[in-house]
Amino acid sequence: MSDRIEIIERTERRRKFSDDEKAAILDEANQDGLSVREVAKRHSIAESLINNWRSVRRQAAALASEPLAFIQYAVVLRKSKVRRRRHPRRQLHSSHRQ
């Protein structure tokens, strides 16, 4: 047995990619002759990230191609009955004063 203990700390943060960077990486991954694995390795990212971006792009394209449908609606305002709570006025009669 070894008495060596190795502590691994993760200090790197998740990188954030702009829409332009994502588009460029996706375009590169769509080129003939390049695999997703090669593109992911070149950019030091996981293959699954490229696949997720592809899926999001497909969903956005599907939504964008759907025709817009307008829905008619109306707003109905009802008068609400506001009940004011009345507190009985306390009247001090001269007979009750001390």
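One table, with the values for the structure above:
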| quantity | calculated |
| --- | --- |
| Virtual spin-label span in nm between GLU66 and LEU34, 7 Å along Cα→Cβ | 3.2 |
| Fewest-first sequence of LEU77, LEU26, LEU63, LEU34 by Cβ atoms within 10 Å of each Cβ | LEU77, LEU63, LEU34, LEU26 |
| For PHE70, PHE17, order by how many other beta-carbon atoms lie within 10 Å, fewest first | PHE70, PHE17 |
| Segment 20-49: trypsin sites (Lys or Arg not before Pro) in DSSP loop, at most 11 other beta carbons within 10 Å | none |
| Three-way shape call for segment 19-65 based on the alpha-carbon gyration tensor, with the a/c threshold at 1.5 | prolate |
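Each reported figure results from applying straightforward, stated rules to the coordinates on display, with no laboratory input. Just so it is clear, the model here is predicted, and its values are computed rather than measured. Cβ atoms come from the backbone with ideal geometry, glycine included; neighbour counts cover every protein chain shown.
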